[in-house]
Amino acid sequence: MTGTQQSTTSSSPAPKSSSASVAAGPCGFRKPPLTSWQRCKLFWTRVVESFVANRCPVRASALAYSNLLAIIPILAVVISVTSGLLKQEGQQRIEEFIQQFVNVITPDTKPMFGQLQNDPRILEARKEIAGRIQEFIQNTRSGTLGVTGTVALLFVGIGMLVRIENTFNDIWGIKEGRSWFSRVVHYWAAMTLGPLLLVSAIALTSSPHLQSIRDFLAGLPLSVGQTIQFGLRFLPFLILILAFTAFYKLMPNAYIDWQAAFMGGLLGGTLWQLNNQLSVFYASRIVTQSYIYGSLGLVPVIMIGLYFSWIILLFGAQVAYVAQNRRAFYQEKQTEILTQASREWVAVKVMTRSAAVFLQGGQPPTASEHSELLSVPSQWVSQVLRDLVETRLLIEVTHDSMTGYVPGRDVDAITLHDIRQAMRSGVTPLPELKEFETSLRKVQEQEREQSSRITLRQLLREAESPTGVSGSQPV
């Protein structure tokens, strides 16, 4: 399914009931509403389960290896644009940027770990890493690699971004990513427009600007100036959270709610900051690797730093995913497993919604919109949509980089029987029961005869009728 969009899911308030159970919902028997503690427990349980089920630790190691190969080409493009914008100050800013990058993948140790903070081997390792990266980038920019080598490095860099997108798409349950053309356009824009933000950040954090800010704050009343200065201390942390939020919002080929992306960004940014504060283990690895590998110790040093960085990024992505689908997960917890009748109920609702929007000339609804409307987990909706597309009852259409769904043929030519059969196509048939064959065939024929008389247009009219059957029960 090309570019399937995922979205937040919302559930309607649970019906009030004094009994131990409430009315059955679209997914079977519904249990009593969850308490706040149960919701919190379920949320973090889902995060951890998804993190393990998606093999995020293994993916983090693979991404760390990919990053190790692609760091140079990506930095070369970014720094080339940056140096062109910074003119004479380019070289100095490049060195500052590379040093900051090294500090990110080799976090600083704080005074609480003073026995390691001043170890010359740690400082020397960082200095050597920065020097080697700058040397490699200079070789790329000077043309030493030649046209073929430079193009190969660019493909390596784009390939890394593709792997990152595919990883995030897997987390969100998206089967196919962007087209290659779309990927090249998006990634090239990120690598060229990103430096503009980098230049702005460097300019705003340069000493002349900081000094002017200090002078301005000094002229303010004491309480106001101190409050602003205290807030400025958290500015790097805020920028980090916003960067994580933007990453979770833009990287997957899906519609990601800003609130969910921010929740993932908040946790990811916090864990990243804690990783910098509590990096005694990492610093000790630098010292150990210098004993074992000598100059080759740079490779495991960078690998360890990149691995923990991706662990944090992927864990934040899982938080964003669960946050976006939390209402559906809560509803899922209140119900039994997705039954065959529930699949058919979801399919009928999806078909009627798609037909209604199509006949009104509206924008085709996406998987995320179906999920939100039905308060059903996005993965369930995606499964139903795949079956409907495979049986040609729905057709995928792309609009503004979002994939929607429209009826595959005239609404008068689609029957309830067609929809139910599409959901039953993958169901394992029961073994033949010859002693009941006559009775079963009679029931099946009656069911087929009745459901074949009901067209999608009739279902649509019934759904729009004020006296129509409520959509809270399975079909």
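Just so you know, all these numbers are worked out from the coordinates, no wet-lab data involved. All values derive from a computational prediction rather than experimental measurement. Glycine also receives a Cβ, built like all others from the backbone with ideal geometry; neighbour counts cover every protein chain displayed.
Label point 7 Å out from Arg457 along Cα-to-Cβ: which residues of segment 349-385 have amide N under 16 Å? Within reach of a label on Arg457, which here means backbone N under 16 Å from a point 7 Å along Cα→Cβ, segment 349-385 contributes 352, 355-361.
Each peptide in 401-411, 314-324 was scored by the mean count of other Cβ atoms within 10 Å over its residues; highest first, the order is 314-324, 401-411.
Rounded to the nearest 0.05, what FRET efficiency do Val48 and Ser401 give with R0 = 35 Å and r taken as the Cβ-Cβ distance? Could you check? Working from the Cβ atoms, E equals 0.65.
Packing, as the average of other Cβ atoms within 10 Å across residues, places the peptides 64-71, 362-369, 176-183 in the order 362-369, 64-71, 176-183, highest first.
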